[in-house]
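Trainee: Quick one: this structure, given as structure tokens, is what I'll be asking you about.
The values are calculated or read from the model by the stated rules, or taken from the named source; none is laboratory data. Owing to the predicted nature of the structure, the values given are computational and were not obtained by experimental measurement. Cβ sites come from the backbone with ideal geometry, for glycine too, and all protein chains shown count toward neighbours.
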Amino acid sequence: MSRLQAVTDRIETAAHSVGRRPEEIVLLAVSKKQPLARIEALINDGQRRFGENYVDEALDKMAHFAAHDLEWHFIGPVQSNKTRALAEAFDWVQSVDRAKIVRRLNAQRPPDLAPLNILIQVNLDGEAQKAGCAPDALDTLAAEVAAAPRLILRGLMAIPAERSEPSEQQAVFARLRALFEQLAARYPSVDTLSAGMSGDLEAAVAAGSTMVRVGTDLFGPRPD
Ligand SMILES: *Cc1c(COP(=O)(O)O)cnc(C)c1O
């Protein structure tokens, strides 16, 4: 069985076990640091959506695979001096976490492209070293994105800290789901909850994730 098939099967099993339809869950292939040959193999297996963490590396890959109709998501910490490249080259930015980035992406999105799809990254754990806006700053930031004509607010992204206790992991995912549902009730464009990676996709699907971001289990370990 291919790695792609194995991950697809995991998503399907996870969805069915909580009474969800597997088609509700999008698979984003996280290709950071992965060699072109592995990405090409996945494209040939039918994968179209890719997530990248480093702008320059991503631009090289986009150029290499320009002949394919791929969808590119930025999922790494956003530096304000890189927003132009994000606005010009990506379809989605999942890691928006402050107003300055919202204003720059909105101003820099080229007029001939569709509005840029935006997820707000929330930092559920208050971890200082991690990107993401604090939950109590979410409403203000969401209003800024929703008011920006060249952006479209699609939802939330989170990277919850690893918990060894399943009940603690479920609790943090439940907090994320509550934030997402509040946002979706307020903004009709909100339809995406990006949560779950190789290690925790089942828990994320159980908590209502609509997009899992999988690297290692799709490509193998990232070479250093
Ligand atoms: C690297 C990364 C992933 C993928 O992690 P794996 O454990 O390799 O599946 C998902 N989301 C983000 C934001 C990442 O940086």
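Trainee: Just need a number here: residues in the range 1-46 that are of a type in the set (Ser, Thr, Tyr) and either in contact with a strand residue (DSSP E or B) (Cβ under 9 Å, 6 or more places away or on another chain) or within 18 Å of residue 222 (Cβ to Cβ) (or both). Write out each step before concluding.
Mentor: From the range 1-46, those of a type in the set (Ser, Thr, Tyr) are 2, 8, 13, 17, 31; that's our starting set.
Those still in the list that are either in contact with a strand residue (DSSP E or B) (Cβ under 9 Å, 6 or more places away or on another chain) or within 18 Å of residue 222 (Cβ to Cβ) (or both) too: 8, 31.
Matching residues across the range 1-46 total 2.
Trainee: In addition: Does the range 26-38 contain any residue that is surrounded by fewer than 19 Cβ atoms within 10 Å (Cβ to Cβ) and either free of Cβ contacts under 8 Å to residues at least 24 places away in the same chain or among the aromatic types (Phe, Trp, Tyr) (or both)?
Mentor: Scanning the range 26-38, I find at least one residue that is surrounded by fewer than 19 Cβ atoms within 10 Å (Cβ to Cβ) and either free of Cβ contacts under 8 Å to residues at least 24 places away in the same chain or among the aromatic types (Phe, Trp, Tyr) (or both), so the answer is yes.
Trainee: Hey, another quick one. Looking at 23, 57, 12, 52 in this structure, which one is surrounded by 14 or more Cβ atoms within 10 Å (Cβ to Cβ), among the acidic types (Asp, Glu) and either away from the ligand (no atom under 16 Å from the Cβ) or over 20 Å from the mean Cα position of the chain (by Cα) (or both)?
Mentor: On the way: 23 fails: surrounded by 14 or more Cβ atoms within 10 Å (Cβ to Cβ); 57 fails: either away from the ligand (no atom under 16 Å from the Cβ) or over 20 Å from the mean Cα position of the chain (by Cα) (or both); 52 fails: either away from the ligand (no atom under 16 Å from the Cβ) or over 20 Å from the mean Cα position of the chain (by Cα) (or both).
Of the residues listed, the single one that is surrounded by 14 or more Cβ atoms within 10 Å (Cβ to Cβ), among the acidic types (Asp, Glu) and either away from the ligand (no atom under 16 Å from the Cβ) or over 20 Å from the mean Cα position of the chain (by Cα) (or both) is 12.
Residue-by-condition table, conditions (1) away from the ligand (no atom under 16 Å from the Cβ); (2) crowded, with 17+ Cβ neighbours inside 10 Å:
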residue: 64; (1), (2): yes, no
residue: 69; (1), (2): yes, no
residue: 77; (1), (2): no, no
residue: 84; (1), (2): yes, no
residue: 87; (1), (2): yes, yes
residue: 123; (1), (2): no, yes
residue: 140; (1), (2): yes, no
residue: 156; (1), (2): no, yes
residue: 159; (1), (2): no, yes
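Trainee: Sticking with this structure for a sec: Mind listing whichever residues of the range 172-214 are within 22 Å of residue 118 (Cβ to Cβ), within 16 Å of the ligand (Cβ to nearest atom) and not aliphatic (A, V, I, L, M)?
Mentor: Result: 173, 192, 194, 196, 209, 210, 213.
Trainee: Within the range 9-30, work out how many residues are assigned to a helix (DSSP H, G or I) and either at positive phi or of a type in the set (A, V, I, L, M, F, W, C) (or both).
Mentor: Final tally of qualifying residues: 3.
Trainee: Do you know which residues across the range 185-201 are part of a helix (DSSP H, G or I) and either buried (at least 19 other Cβ atoms within 10 Å of the Cβ) or at pLDDT below 95 (or both)? If you could, list the steps in order and put the result at the bottom.
Mentor: Initially, the range 185-201 is screened for residues part of a helix (DSSP H, G or I), giving 185-186, 201.
Once the filter is applied, which keeps residues that are part of a helix (DSSP H, G or I) and either buried (at least 19 other Cβ atoms within 10 Å of the Cβ) or at pLDDT below 95 (or both), the range 185-201 yields only 201.
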